[in-house]
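Engineer: Sending over a structure as structure tokens; questions will come in a sec.
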Amino acid sequence: MWELEDHYRDVKAQVADFADKQVAPVSEKHDVEHSFPYELVAQMGEMGLFGLPFPEEFGGAGMDYFALALALEELGRVDQSVAITLEAGVSLGAMPLFKFGTQEQKETWLPDLVAAKRLAGFGLTEPEAGSDAGATRTTARLVDGEWVINGAKQFITNSGTDITSLVTVSAVTGEKENGKKEISTIIVPSGTPGFVAEPAYNKVGWNASDTHPLSFTDVRVPEANLLGVRGRGYAHFLSTLDEGRVAIAALSTGAAQGCVDESVRYAKERITFGVPIGRNQGISFKIARMEARAAAARAAYYAAAGKMLAGKPFKKEASIAKLVASEAAMDNARDATQVFGGYGFINEFRVARHYRDSKILEIGEGTTEVQLMLIARELGLG
């Protein structure tokens, strides 16, 4: 396990304090109301969290992706909806623009995204193209200097808020010489005629996170809105997802640790048969195993982040981290609910929200099965 340097410890401590004092008190309210936490997003913007991995040129903190991961772990410990809003806003929204955008595109969009005055969505998944992203059906034809986009996306985070400024959309822009689809990425600003964020989903969890299906009907944007190299959209998205898996692993680790913390507290306070339930090995061993899962998840995402920051290949490590951490979050949420008994089934308790929220961690940004496939492939088995 890494010994964190001072600047990383400072980020971790700052976000932990914010999570406990500002996020936790309003988590239940936003969950019950299915309301987006605009006030928390604004505060995170003022704290510089949305700008952690971006250079000062665009208003960022000039730090790195590991600093973002540490922030996500602390937020995920308390409220996964708030954590995923930050994760998607940075790694899926702003990062593709920073990595693949032109200087003009960066100067136009990044400052507001980095300051959290605006949010961006990442339009990859479709009704018939989830894990099989190469099956994209959304099309973009170049007509008189404009991209004309038709199609649909689903499960898109941060795509329909009052402060959403754009969605980057993967679309078929032609056919390659080998007959395969040419997939490119195009910037579609909010408010463009024909671009509609359909009504938000009624989800099992992440109730304070903004998630919509999107439709595109003869949407026209300038040719200059192409993001990156034409025909490289699929590769761009895969690169974005590799980094995103480290971020989701960090969020998942936070959720797993949050379940441990809540269970330890409850096991010391809850008295049955005259003693705290934590004296019972059936409870204490269960919580000990939960702590071991959280520690293993943290070690996995630290290792993946270390390779990423060193500029080394990290695809396998990212998949391992995402697999281990998401399963730890789900397993710990289930066990924490058991520790709390009937109270664990009441939504006002944090472990109940983790129980509902954690399942999507095994699905989003690559399912468990996709991670196993990628790990096997890296081992030369696929």
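Engineer: Scan the range 30-48 for residues that are over 19 Å from Thr211 (Cβ atoms) and surrounded by fewer than 17 Cβ atoms within 10 Å (Cβ to Cβ) and jot them down.
Structural biologist: Glu39, Ala42, Gln43, Glu46
Engineer: Please count how many residues of the range 1-20 are assigned to a helix (DSSP H, G or I) and either of a type in the set (Phe, Trp, Tyr) or over 16 Å from Ala83 (Cβ atoms) (or both).
Structural biologist: Residues in the range 1-20 being assigned to a helix (DSSP H, G or I) and either of a type in the set (Phe, Trp, Tyr) or over 16 Å from Ala83 (Cβ atoms) (or both): 7 in total.
Engineer: Within the range 53-101, track down each residue that is surrounded by fewer than 22 Cβ atoms within 10 Å (Cβ to Cβ), out of contact with any Gly (no Cβ under 8 Å at 6 or more places or on another chain) and free of Cβ contacts under 8 Å to residues at least 60 places away in the same chain.
Structural biologist: Glu57, Gly62, Met63, Phe98
Engineer: Quick one: would you say Leu241 is out of contact with any strand residue (DSSP E or B) (no Cβ under 8 Å at 6 or more places or on another chain) and in contact (Cβ under 8 Å) with a residue 24 or more places away in the chain?
Structural biologist: Here the answer is yes, as Leu241 does meet what is asked.
Engineer: Where in the range 265-366 are there helices (runs of 4 or more DSSP H), lying fully within it, with 2 or more residues that are touching a residue at least 40 places away in the same chain (Cβ under 8 Å) and closer than 20 Å to Ser91 by Cα?
Structural biologist: Values: elements: 281-309, 315-340, 350-357.
In the range 265-366, 281-309, 315-340 are the helices (runs of 4 or more DSSP H) which contain 2 or more residues that are touching a residue at least 40 places away in the same chain (Cβ under 8 Å) and closer than 20 Å to Ser91 by Cα.
Engineer: Mind checking which pairs have a first residue in the range 184-210 that is under 21 Å from Thr136 (Cα atoms) and a second that is of a type in the set (Lys, Arg), Cβ under 6 Å, 6 or more apart or different chains?
Structural biologist: Filtered contacts from the range 184-210: Ser184/Arg230.
Engineer: Another one. Gly341: outside the structural domain of Lys203 (by TED's automatic domain parsing) and on the phi > 0 side of the Ramachandran plot, yes or no?
Structural biologist: For Gly341, the condition - outside the structural domain of Lys203 (by TED's automatic domain parsing) and on the phi > 0 side of the Ramachandran plot - is met.
Engineer: With respect to Gly231, is the statement that it is over 23 Å from Val23 (Cα atoms), without any contact (Cβ under 8 Å) to a residue 24 or more places away in the chain and more than 22 Å from the chain's Cα centre (by Cα) true?
Structural biologist: Here the answer is no, as Gly231 does not meet what is asked.
The values are calculated or read from the model by the stated rules, or taken from the named source; none is laboratory data. Note that the structure is predicted; figures quoted are calculated from it, not measured. All Cβ positions, glycine included, derive from the backbone under ideal geometry; neighbour counts span all protein chains shown.
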